[in-house]
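Structure first, then comments.
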Number of protein chains: 2
Amino acid sequence: MDAPLLKERERATFNVTELIHLLNGSEEETKRRKELESWLYNNPVFRQDDRYQISREEVYERGLQKTRELVNLCRRKNIKFDSLDFARLNISTLEELPFFLHVIMFIPTIRGQGTEEQKRKWLPLAEDLKILGTYAQTELGHGTFLRGLETKATYDVSSREFIVNSPTITSMKWWPGGLGKTCNYAVIAAQLYTKGKCYGIHMFIVQLRSLEDHKPLPGVTIGDIGNKYGFHTVDNGFLRLDNVRIPYENMLMRYAKACDYIPPVNPKINYGTMTSIRVDLVKDASVILAAASTIAIRYSAVRHQTEIRPGEEPPVLDYITQQFKLFPQIATAIAFHFAGDYMHRIYDKVQSEIFDGHLSAITELHGISAGLKAFTTDTSIAGVEICRRACGGHGYSNASGFQRFYENWLGSATYEGENTVMYLQAARYLFKCYDNPKEAPETMSYLRYPQNKMEWNVKSADDVSNYATLITAFEQRALSKISSTAKKLKNLTHYGMNRNDAWNAASVDILHSIKAHCHYFIVKNYMQSLNHLKMSSPLRQVMTAVALLYANYGIDEHAGDFLESGFMNGKQINLVRAKILQLLKEIRVNAVAIVDSFDFDDRFLRSALGAYDGNVYNRLFKWAKLSPLNKTEVHSSYKYLRRILQSKL
Amino acid sequence: MDAPLLKERERATFNVTELIHLLNGSEEETKRRKELESWLYNNPVFRQDDRYQISREEVYERGLQKTRELVNLCRRKNIKFDSLDFARLNISTLEELPFFLHVIMFIPTIRGQGTEEQKRKWLPLAEDLKILGTYAQTELGHGTFLRGLETKATYDVSSREFIVNSPTITSMKWWPGGLGKTCNYAVIAAQLYTKGKCYGIHMFIVQLRSLEDHKPLPGVTIGDIGNKYGFHTVDNGFLRLDNVRIPYENMLMRYAKACDYIPPVNPKINYGTMTSIRVDLVKDASVILAAASTIAIRYSAVRHQTEIRPGEEPPVLDYITQQFKLFPQIATAIAFHFAGDYMHRIYDKVQSEIFDGHLSAITELHGISAGLKAFTTDTSIAGVEICRRACGGHGYSNASGFQRFYENWLGSATYEGENTVMYLQAARYLFKCYDNPKEAPETMSYLRYPQNKMEWNVKSADDVSNYATLITAFEQRALSKISSTAKKLKNLTHYGMNRNDAWNAASVDILHSIKAHCHYFIVKNYMQSLNHLKMSSPLRQVMTAVALLYANYGIDEHAGDFLESGFMNGKQINLVRAKILQLLKEIRVNAVAIVDSFDFDDRFLRSALGAYDGNVYNRLFKWAKLSPLNKTEVHSSYKYLRRILQSKL
């Protein structure tokens, strides 16, 4: 152990193990997680670390090797794909594998939208990996706007078949993971045509490749779309279907029937699988940001750079600017952790309501998950980059470990729904509830009896340490944004603009409103979660400081919103800022212990800067020597250099 | 030409060619730039586009091939390394080449800091590429804080040699581009020891590899540091020197002598080369952001997604949220273009002053370039990512072209000085000038006679269209931040804190102050530049709208700063927001024409989304088919898949 981190750990005022168990749910869950991780990391395939050195084809091949090992592990240990254990393994692989969409979208879509008969037929095949499927919805010319999809499934009454067709180049399926080279099946989202009429998007099971030799079936044009920022291991694909015929039974018909068309009660039911992914993303945002802060905080405790006083180079974590960058990231990671817990609870509740035939809760779940998906992915992507840059030059090296998190996670701002569109969808629900407050769900209860307060009741530093006072601030900010935007919308339509154009004209304010609402929700849920949890008094003190930082930092960050309505004044903002400085100081002593409580395995972080022992520089040197360019003292490409140096160009 | 872009271009209200020449400086300069580009892109080596497909070693080898071709081109066309022509070629390669530090740092350092005799000896060798050098300053454990560097150059009087030594692992040189495998020489920054005394950092020319067989010389441990976010073509390296002896003449001694030590008049003179890079980065920030906006704007004019009114899918550029993301990026690119021009002018002025022996101007240049380097790189990095995400899912594909810009440019936030440190260095100068207003340079003239205004003189929409009124707003914001921070600093020291600790305690406010100052400078310089330039009335109208957007958007973005002092009120902020919406509408009609005026060659953008003809989807499909995974219908890695599908794990 390097001395600086040892010193940091000795100073901590709380018990790290207590916080580890609290964040994992219980001591048993911590233990199980660690057991799963050890199974995974003991396999050398999962310790391979050369994906930035090798060609794209080799990286993809590694993805399949890892898939095989992971499947093997699950069979040996009897881990089901829909279990919490598998979800944990999924995160711990730290790399997307070509068959993940099979597990997290193909199977769940059949399970959620298939009839009992369909499930009996397809689930055993899929769960035993006799077939490998993906979820093909997005098209080359059509993304988040699902009604715009062009792929058609036309019912042919005579043969009792659907003819699935991509009539144009823009109608090609594009992006689905595993589609290019791996999967032999897909759930295809297509416009259903029956008896000459279009009934909108429904889901169809289509075989794409031969189960004998894996060759594409007739009428199927399929391939890899090429490289991306991340997901190098995955063959995101394109797919063109030229009047491919599938049996009537291949339309997923739990909620709608094709022949004499019966529509689903709630059309959003078709996108249930996507909603479940959005729910998961909230928790993922917490994990990613926690990992990034772990690296940055540990390295900042080891790293010396510049002097505060002449002759003294303290660890950079002593710099207020560094604390101001990093401690809010810790706080955000914890805030999103509790938001993720909330989302999973509400998701399970809605699922069981759907199971009982109550489909109305879908709308609420859709609204909340869309908003929080956008808010948490946006914020955490920015946060990872703040952590990376806080590591200075070395943050730019692959040895920092950030790139693995960042490059995949960057996609979350656009996949499963582009974030601006997500915000606007969530906002439609928000403004609907504002107009009909009786319909407002629990998360929007402040809309039921909106109380516009004129002034914030803050006069001293103590006041900004009060949960209720802080929650009120975020509630008032959201209310003020929502009500002024609603007024604007009304004015625009009053003066003759149609409602759709008015929505567009006011959309910048609408975005502000929904972001303010999401922020309010996260703050409130965070503080309520802390109040409900049992913990020792030293731990509570630490967790309180972190939660107060989250809220006060949010106010400072968006000071304009709080000031413009006159609800807050400049003096109060200065009290908030003074409080932030005080909290930074309070958190400083426990910063390393807090990130230790996130309890990441070094083999997960893969960071020379953020390893538990803090042995930064030796590890950087050791890893550098592994660069393939260092295999020889003079690289074979010297042949070009020699010609340049000898002027023989 | 795809119809949507044709339509956009027909609607433009100004002459694109006029703006192209204005941004290039003149018609001749436009022509020359295009000629250089055509020479470059006509060479197939510079059109190779597979760096995300091949291994790291192959990518590096490509870098050397390109180096050879570029050198060849320069020889044939008689282009000198220190010419504007070379700088243009440098940008147009769109890839860092392993010998760029030789050209932009090694040679300039010798030219700037060598004696006449040293220049006579080394420059011909370096310019003819008989030797290849890099600039080795940063160490494994020491970055922006140069005084902390550990490498020692100890003068041995008896042999008239320096003994250059890296005593510890943290003292290894780390990061210099081309150091690992390419260069055979380096300028090394080391602590000079003469007669037992340390005289701080000076620069030494050290040979690293044999000119015969390129093998590392005795005492030299050298290699590649491994992969990074970007700069894949470059062998950033590590270097350990074990008591390597170099002749006395190898210390660069234009400003300081080693034996009986004579210090330089201004110690910052040693870092002149770095300052020149920082100056260049301001202009680069403009280019990168202009390229990113070109891609995003063109694609947004082609792309349809979601309906504003039912049944109509307009181009996404009609969405206010999209305009609100993208048009400020155009405005910022142009603002930074003029800031870059300013920086080059002042840099040339200071260089000629230094040449005449007046070294005092270095401090000002250092302060301004540090602040603007941080401000423009931070802003443009964020802007590129805004543009990328505004392209939805396809922005995540390599075919979008963003990754090439982003991954290299991301480094600019930390290289040549980490941005927070840069801001704080610039702030030291700012607060020094605030305390001694007579010393304030032209860029800080508002500190000479600071006028704290109580209220903003804005009552109507017209008022926020006035350059002077807007400049005043930014001036007052900066003044208010600076003066309140200065007061805070004074209070802290008054109550007994030492000045260094006070600086740290107030550093969050200090950062705000210097950012506000930089923002003010950019706004003012932008508007003054427009006033000084000759242009037709239609063009002036467009350029005015863009400049007004830049300023009003900046106020909205930082509303809290303008509101908290009471200088602005909520009503005025709403006038600003209304103005922004009006400007977005005004710019909408010319958006495509404006980015056309940035005049990027398609072979520079390498973007399926942003090519001039707007033929987005066909190009995406064409490029996808080139993925190496598509060489066969069934990829060779099917061997793993078959075992999974047949349960033979």
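General remarks:
- Pair list, Cβ under 7 Å, 6 or more apart: the range A:1-27 residue on the phi < 0 side of the Ramachandran plot, other residue open to solvent by 50 Å² or more (accessible area, probe 1.4 Å): A:D2/A:N615; A:T13/A:P538; A:F14/A:P538; A:H21/A:E27; A:L22/A:L533
- Meets criteria (in contact with an Asp or Glu (Cβ under 9 Å, 6 or more places away or on another chain), over 30 Å from B:V265 (Cα atoms) and buried (at least 20 other Cβ atoms within 10 Å of the Cβ)) for B:T332: no
- Looking only at the range A:366-397, and only at residues there that are in contact with a helix residue (DSSP H, G or I) (Cβ under 7 Å, 6 or more places away or on another chain) and among the aliphatic types (A, V, I, L, M), the one that is modelled with the lowest pLDDT: A:I368
- Residues of the range A:114-151 classified as surrounded by fewer than 18 Cβ atoms within 10 Å (Cβ to Cβ), within 14 Å of another protein chain (Cβ to nearest Cβ) and either over 23 Å from A:P267 (Cβ atoms) or at pLDDT 95 or above (or both), total: 5
- Within the range B:189-226, the set of residues being modelled with pLDDT of 95 or more and β-branched (V, I, T) comprises B:I205, B:V206, B:V220, B:T221, B:I222, B:I225.
- For B:K438, the requirement of being at pLDDT below 95 and assigned to a helix (DSSP H, G or I) is met.
- Residue ID - surrounded by the fewest Cβ atoms within 10 Å (Cβ to Cβ), chosen from residues in the range A:211-224 that are assigned to a loop (DSSP other than H, G, I, E, B) and either more than 9 Å from every other protein chain (Cβ to nearest Cβ) or touching a Gly at 6+ places or on another chain (Cβ under 6 Å) (or both): A:E212
- Among the residues making up the range B:24-53, those that are at pLDDT 95 or above and of a type in the set (D, E, K, R) are B:E27, B:E28, B:E29, B:K31, B:R32, B:R33, B:K34, B:E35, B:E37.
- Single residue of the range A:476-509 satisfying the filter (away from chain B (no Cβ under 12 Å) and in contact with a Pro (Cβ under 9 Å, 6 or more places away or on another chain)) that is most open to solvent (accessible area, probe 1.4 Å): A:S483
- Scanning the range A:416-430 for residues that are buried (at least 20 other Cβ atoms within 10 Å of the Cβ) and in contact (Cβ under 8 Å) with a residue 60 or more places away in the chain returns A:E416, A:G417, A:E418, A:T420, A:V421, A:M422, A:Y423, A:L424, A:A426, A:A427, A:Y429, A:L430.
- Only a single criterion out of (1) more than 14 Å from chain B (Cβ to nearest Cβ); (2) in contact (Cβ under 8 Å) with a residue 60 or more places away in the chain; (3) open to solvent by less than 10 Å² (accessible area, probe 1.4 Å) is not satisfied by A:I107, namely (2).
- Residue in the range A:526-541 that is farthest from the other protein chains (Cβ to nearest Cβ), counting only those that are assigned to a helix (DSSP H, G or I) and open to solvent by 10 Å² or more (accessible area, probe 1.4 Å): A:H532
- Taking the criterion of being closer than 24 Å to B:A382 by Cα and open to solvent by 40 Å² or more (accessible area, probe 1.4 Å), the residues of the range B:545-576 that qualify are B:Y553, B:E557, B:H558.
- Restricting attention to the range A:618-639 and to residues that are out of contact with any strand residue (DSSP E or B) (no Cβ under 7 Å at 6 or more places or on another chain) and crowded, with 22+ Cβ neighbours inside 10 Å, the residue that is nearest to B:L73 (Cα to Cα) turns out to be A:H635.
- Taking the range A:225-263 as the range and being more than 14 Å from chain B (Cβ to nearest Cβ) and part of a loop (DSSP other than H, G, I, E, B) as the test, the residues that pass are A:D242, A:N243, A:L252, A:M253, A:R254, A:Y255, A:A256, A:A258, A:C259, A:D260, A:Y261, A:P263.
- Helices (runs of 4 or more DSSP H) fully within the range A:548-649 that include at least 3 residues being more than 27 Å from the chain's Cα centre (by Cα) and facing chain B (nearest Cβ under 8 Å): A:559-564, A:570-588, A:616-624, A:638-645.
- Exactly one residue out of A:I169, A:I201, A:I205, A:I188 is over 23 Å from A:N408 (Cα atoms), open to solvent by 10 Å² or more (accessible area, probe 1.4 Å) and more than 9 Å from chain B (Cβ to nearest Cβ), and it is A:I201.
- Those residues of the range A:376-393 which are touching a Gly at 6+ places or on another chain (Cβ under 7 Å) and either open to solvent by 10 Å² or more (accessible area, probe 1.4 Å) or not in a helix (DSSP H, G or I) (or both), in sequence order: A:R389, A:G393
- Sole exception among (1) open to solvent by 30 Å² or more (accessible area, probe 1.4 Å); (2) in a helix (DSSP H, G or I); (3) of a type outside the set (K, R); (4) modelled with pLDDT of 95 or more for A:T13, by number: (2)
- Residue count for the range A:375-405 satisfying the condition of being among the small types (G, A, S), more than 14 Å from the chain's Cα centre (by Cα) and away from chain B (no Cβ under 11 Å): 1.
- Single unsatisfied condition, B:I522 versus (1) in a helix (DSSP H, G or I); (2) out of contact with any Ser or Thr (no Cβ under 9 Å at 6 or more places or on another chain); (3) not charged (D, E, K, R): (2)
- Qualifying residue in the range A:406-426 (condition: more than 12 Å from chain B (Cβ to nearest Cβ) and modelled with pLDDT of 95 or more): yes
The values are calculated or read from the model by the stated rules, or taken from the named source; none is laboratory data. Source: prediction; values computed, not measured. Please note: Cβ atoms are built from the backbone with ideal geometry, for glycine as well, and neighbour counts cover all protein chains shown. The protein model used for the area step is the full one, side chains on, heavy atoms only, and it has no ligands, DNA or RNA in it. Shrake-Rupley method; radii C 1.70, N 1.55, O 1.52, S 1.80 Å.
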